[in-house]
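J.: Before anything else, here's the structure in question.
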Amino acid sequence: MNQEEILTKITEIMRETFNSPTLELTPEMTAKDIKGWDSMKNIWLIVAIEEAFEIKLSTSDVISIECVADYIKLISEKSAL
Amino acid sequence: MKEWNIESCPWLPATPDDFRNQCQKVRQSNGDSASDLYRLAQFALTNNQLNSLAYAFADVQKNSQTSQFLKPFCLGLVSSATTSLFVPALIASALRFGISLTVVEANYGQVMQEALDPDSPIKQGDLDGVLLALDYKGLPFADVLSNNNKPTSLSSEIKDYINLLIDKFSDGGRRVVIVQTIPQPTEGLFGSYDVRMAASMQRQIEALNSYLAELPQESGTVILDVAKLASRVGLDRWHDPIQWNFAKLPFSQRVVPLYCDFVARLLGAIRGKSRKCLVLDLDNTLWGGVIGDDGLEGIKLGQGNAQGEAFLDIQRTALNLRNRGVVLAVCSKNDDNNARLPFRKHPDMILKEEHIAVFLANWNDKASNLEEIARGLNIGLDALVFLDDNPAERAQVREALPQVAVPELPDDPAFYPRTLLSGGYFETIAYTPDDRQRAEQYQANTQRTNLQSSSRNIDDFLQSLAMKAQVSQFDQLGRSRIVQLINKTNQFNLTTRRYTEAEVIAMQNDASIYTMQVRMQDRFGDNGMISVVICRAHGTVWDIDIWLMSCRVLKRRVEEFVLDQLVTAAKKHGITALQGVWIPSSRNDLVKDHYANLNFKFIRQESCSTYWQLAIDDYKPLNPPIILE
């Protein structure tokens, strides 16, 4: 799965998670750019992403996430394994 | 074959690809969307999909009034951990069971404060129930090592803690308190030796769960067996240490849809939404193969081969359900003679014709047959569960009759019993001797109907039934059945007011309230308790707060008998008039003219409700053919 495809899939997940059907994601976006993305919702998001991509993120992975690009990087690393 | 995994709620059909669009459509529609929401809730939804449905529901509630189709329930949520992440899923899952759920969350981590502070959201809220979602991390367990391994494994501190919480949250019995059993932690300190340590966490939790199981039903508590659920999922999957550390989640976010379904089915049971009848297909559902093609010797059933064993297991499950009180029916595309052949001649059949209340084998479409079964048993379509191996038949029934529960079945019949029993269709919060007899009672009803057609007229028929009845005020013996009738009866129910067990106890002890329970037998058997009446005295008038009757004794002039008894009691109490009201629900059209038929005088109409009055002085007894014992 290439970065473009990962971004598309994350966009779908985030649209549901944040109840925002028209949300458009760019790799640079951070929690501040998306309404409702707080630390609690982040856990929700992580699990949704883990399930969709069939990966498991560790505590340090989760801490390291600052923007959408971090998600894309982690997903492509983990699903390559 | 896909692995059978409880986490994915495999009894629910797969979510359609356009689910999110369908949610959007519901959000934008202006009409009554309750049935659309109910339909969308029936799929095996992920946490995110449940979230979308909950948002759609919230929008619908903003735009239009709540439909009568959904029963409201306001639930307080108290936990020692974070609950906010599963609230939307809980609201969406409740739709699956026909409940319009509002959730009031306690302040995070303040279980005891919520209980003791009279101004807390939970104490203040107008709640129907409170879910006490405790887990082992939030309970005052004794330290395994400091306790000197004393023989009592459950400290009185924990018992007091639990009892205080129940007492405070039940608000004098006005609310149901749902108490969760506690799942074990994953690992013990000693290993296998934990079993021998009286004060080990494992032993303390076991003791606490036994204690919870024995809580008296009168206290208004209902148990949610989370310990069992967690063990089915697997404790190592249930507890996620990363999620606990980040957000204090009481269980893995992955099991949210499953957990919420289990809470929701209990709310459904509290609101009387549990189903009453299991309708069975025959070919490849009760036996392997097609009786019309394979013949008696060709079908697979019985010991000695794995497929035959699987079908035996399905039949055993159905019979166990019947012994529990679930009515069984057959709905099969077959010639009647062929369909009955195995029941009559196959030596390995566990189910016999006598276990089946309605047997429909013909070539009509299944939806029509299911409607006929519901009519024949005098129950709603929403009381039916339909078990059929054929995906096309399942789809047709779901499409035509969304009220009927149709469990999704895996390819291998070995998993049918597990799937059926995991779906929560027959969830209950009490079990009475009447429940046990129910299947037989419905069946006797079918015999009575046959007798009716051979009798010349209705009066002859009623005479021939030799009905006798016992009437008394509420007592402890009848109480759980009384509470059940109050909360389950939909059709013959003038006001559809629901009361908890504790409220019923309070009425029983209130001198200004006159209560009445009626039991009845006839020549075909014991019908058990069939009618409940509650009157509130206002001066010399009795206001009929509840009048309900079990539909199994419909059209037998029982209501006339009850009125005769009521008037006799009223006279004794110096009452001059009875006052009644019919409050329409979506289900009680049956009793629209109840008071008119009993010669009550129409007084007035308010919104849709009609008010009626009967003067005691002029009353002439109706004397139906029922003997008072």
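Quick note: the coordinates plus some simple rules give every number you see, no bench work behind them. Since the structure is predicted, the reported quantities are computational estimates derived from the model, not experimental observations. Virtual Cβ from ideal backbone geometry, glycine too; neighbours counted across all protein chains shown.
J.: Any idea how far apart B:Leu235 and A:Asp70 come out in nm if each label point goes 7 Å out from Cα toward Cβ?
T.: So the label points at B:Leu235 and A:Asp70 sit 3.4 nm apart.
J.: Excluding B:Arg39 itself, what net charge comes from residues whose Cβ is under 11 Å from its Cβ, given Lys and Arg +1 and Asp and Glu -1?
T.: 0
J.: Relative contact order for chain B: what is it in percent, counting Cα pairs under 8 Å that are at least 6 residues apart?
T.: Relative contact order, chain B: 10 percent.
J.: If you take the Cα atoms of the protein assembly as shown, find Rg, then find the Kirkwood Rh from the mean of 1/r over all pairs, what is Rg/Rh? Mind dumping the intermediate values first?
T.: Details: Rg = 28.0 Å, Rh = 28.3 Å.
Ratio of gyration radius to Kirkwood radius: 0.99.
J.: Let me know the number of lysine pairs in chain A closer than 20 Å at the Cα, not counting same-chain pairs under 8 apart.
T.: Here the count comes out as 10.
J.: Counting only the backbone N, which residues of segment B:538-580 are under 14 Å from the spot 7 Å out from the Cα of B:Arg604 toward its beta-carbon?
T.: Label zone hits: B:580.
J.: If you add up the charges near B:Arg519, with Lys and Arg at +1 and Asp and Glu at -1, over every other residue whose beta carbon is less than 11 angstrom from its beta carbon, what do you get? Kindly include the intermediate steps, with their values, before the conclusion.
T.: Details: positive: B:Lys468, B:Arg481; negative: B:Asp434, B:Asp526, B:Glu629.
Spelling it out: positives minus negatives among the neighbours equals -1.
J.: With bins 5 Å wide starting at 0, give me the P(r) of segment B:465-628 over every alpha carbon pair, in whole percents.
T.: Percent of Cα pairs in each bin: 2, 9, 19, 23, 23, 17, 7, 1, 0.
J.: Quick one: compute the contact order of segment B:465-628, relative version, from alpha carbon pairs under 8 angstrom and 6+ residues apart, as a percent.
T.: Once divided by the residue count of segment B:465-628, the mean separation gives 25 percent.
J.: Between B:Leu628 and B:Lys228, what is the label-point separation in nm under the 7 Å Cα-to-beta-carbon projection?
T.: 4.4 nm
J.: Right, here's the next one. Cα-based Rg (one decimal) and Dmax (whole number) for segment B:240-281, in Å?
T.: Expressed in Å, the Cα Rg and Dmax of segment B:240-281 come to 16.0, 49.
J.: Jot down the radius of gyration and Dmax of segment B:147-239, Cα atoms only, both in angstrom.
T.: 14.7, 44
J.: Once you put a point 7 Å from the Cα of B:Lys572 and another 7 Å from the Cα of B:Glu372, both along the Cβ direction, what distance in nm separates them?
T.: Spacing of the two 7 Å Cα→Cβ label points: 4.8 nm.
J.: Any idea what diffusion coefficient chain A gets from Stokes-Einstein, in µm²/s, Kirkwood Rh on alpha carbon pairs, 4 °C, 1.567 mPa s?
T.: Estimated via Stokes-Einstein, D reaches 103 µm²/s.
J.: Taking every Cα atom in chain B, find the radius of gyration and the maximum pairwise distance Dmax, and write them in Å.
T.: 26.2, 81
J.: What is the distance in Å between the Cα centroid of segment B:94-110 and that of segment B:558-608?
T.: One Cα centre to the other: 36 Å.
J.: Counting partner chain Cβ atoms within 10 Å of every residue's Cβ in B:46-54, what's the average? Spell out each step's value before the answer.
T.: Numbers: counts 5, 6, 13, 1, 1, 6, 5, 0, 1.
What the average comes to for B:46-54 is 4.
J.: Related question: Rg/Rh for segment B:240-375: what does it come to with C-alpha atoms and Rh from Kirkwood?
T.: Ratio of gyration radius to Kirkwood radius: 1.15.
J.: Beta carbons within 10 angstrom, averaged per residue: use that to sort the peptides B:277-290, B:87-100, B:610-623, B:31-44, highest first.
T.: The densest-packed peptide leads the list: B:87-100, B:277-290, B:31-44, B:610-623.
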